[in-house]
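Heads up, the thing below is written out as structure tokens.
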Amino acid sequence: MDANTAEVPHLWTLGQLARGGSWRLTLPHASTSDLFIWTTRGQGIAHLNGRRRGLGVHNALLIPAGAMFSIDPGKQGFGLAMTAPAGSVRGFPREPVLLRVRDVHMQGEATALLEALQREQATPRPLAGEAAAAHAALLSVWFRRTRDAVQPDAPDASAAERLAAAFTVLAERHFRTGRPMADYAEMLDVTPTHLTRVCRHCAGITAAGILGGRVLHAARSALVDTAQPVSGIARDLGFSSAAYFTRFIQHHTRLSPTALRKAATAGK
């Protein structure tokens, strides 16, 4: 089952979400499902709302469908992820949230809820979908209670953080159009130089790097997961020609689109 198309809440490991390609998590992208992640081992990095965040043990992330994000859990990182149809779980916030959970009781509650969902889906029984939805609802209650306890007075985002977040929203909306960076800056009423500086400060990567990473994720997904011709993928992602698309892929992966597709097929 594809994590992006699960029709009921479903539990995965981060490794299963990556499906053999770490780029599926580490490049900027968005899911068509709501995503809850609970990390249990390792140290890594997450990009949420255009902001770079450290990722550690007992961190909870809620990433709504359509929100751009990336996660690098690190070499020793491990975590569980629940996907749910977009908007199906009452109370889940509609913008990304990261919680650092230090209370042992709260940690145990989250683990127990996820283990219950895991047991439910491991043993097919009648009303499995309804049971999965009930477990997801309980996880939503846990998340909201924990957020209120962990972040009772969360500081307002700075102007720079708001700008970086707004850029990721626009980038997710328009990354297939081939728009130049100047267009994004104009839509945000800032100069390209200022936008680049703000994204580098907040995310540790330039605005062009964020946009290019999003395009690369979509390109690799299309090459690996579909049989669509390279020329069609290039056209759908706003490239002026298949040759330009090929140079883009080679620059980032050192392989041509065709070679990248063959390598992925051979690895399955």
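No lab work stands behind these numbers, since they all come straight from the coordinates. Everything numeric here is computed off the predicted structure, so don't read it as measured data. When we count neighbours, we look across all protein chains shown, and the Cβ atoms used for this are built from the backbone with ideal geometry, even at glycine.
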Unique match (being out of contact with any Asp or Glu (no Cβ under 7 Å at 6 or more places or on another chain), surrounded by fewer than 18 Cβ atoms within 10 Å (Cβ to Cβ) and in a helix (DSSP H, G or I)) among Asp183, Asp189: Asp183
Residues satisfying the stated conditions in region 108-125, i.e. out of contact with any helix residue (DSSP H, G or I) (no Cβ under 7 Å at 6 or more places or on another chain), in a helix (DSSP H, G or I) and more than 18 Å from Ser140 (Cα to Cα): Arg119, Ala122
Leading residue by the ranking (nearest to Arg261 (Cα to Cα)) among those in region 222-247 that are aliphatic (A, V, I, L, M) and touching a residue at least 60 places away in the same chain (Cβ under 8 Å): Val224
Contacts under 9 angstrom Cβ, first residue in region 122-138 being under 12 Å from Glu7 (Cβ atoms), partner part of a helix (DSSP H, G or I), 6 or more apart: Ala128/Glu120; Ala128/Gln121; Ala132/Leu117; Ala132/Glu120; Ala132/Gln121
From Val150, Val190, residue being among the β-branched types (Val, Ile, Thr) and closer than 30 Å to His105 by Cβ: Val150
Of residues in region 220-268 being within 22 Å of Thr26 (Cβ to Cβ) and aromatic (Phe, Trp, Tyr), the one surrounded by the fewest Cβ atoms within 10 Å (Cβ to Cβ): Phe248
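To keep it simple, each residue is scored yes or no on (1) within 24 Å of Ala164 (Cβ to Cβ); (2) among the small types (Gly, Ala, Ser); (3) in contact with a Gly (Cβ under 6 Å, 6 or more places away or on another chain).
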position	(1), (2), (3)
Arg200	yes, no, no
Ala203	yes, yes, yes
Gly212	yes, yes, no
Asp225	no, no, no
Gln228	no, no, no
Leu237	yes, no, no
Ser241	no, yes, no
Thr246	no, no, no
Ala266	no, yes, no
Of all residues making up region 40-78, the number that are touching a helix residue (DSSP H, G or I) at 6+ places or on another chain (Cβ under 7 Å) and more than 25 Å from Leu216 (Cα to Cα): 2
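Suppose we keep only residues that are assigned to a loop (DSSP other than H, G, I, E, B) and among the charged types (D, E, K, R) within region 127-167. Which one would you say is surrounded by the fewest Cβ atoms within 10 Å (Cβ to Cβ)?
Here the answer is Asp153.
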Residue match in region 148-155 (condition: among the polar types (S, T, N, Q), out of contact with any helix residue (DSSP H, G or I) (no Cβ under 9 Å at 6 or more places or on another chain) and over 24 Å from Arg235 (Cβ atoms)): yes
Entirely in region 210-268, the helices (runs of 4 or more DSSP H) that have 3 or more residues that are in contact with a Pro (Cβ under 8 Å, 6 or more places away or on another chain): 242-253
Selected residue (only one of Gly54, Gly15, Gly66 is farther than 27 Å from Thr253 by Cβ, of a type outside the set (D, E, K, R) and either part of a loop (DSSP other than H, G, I, E, B) or out of contact with any Leu (no Cβ under 7 Å at 6 or more places or on another chain) (or both)): Gly54
Test: Pro124 is within 19 Å of the chain's Cα centre (by Cα) and either surrounded by fewer than 16 Cβ atoms within 10 Å (Cβ to Cβ) or farther than 26 Å from Leu170 by Cβ (or both): no
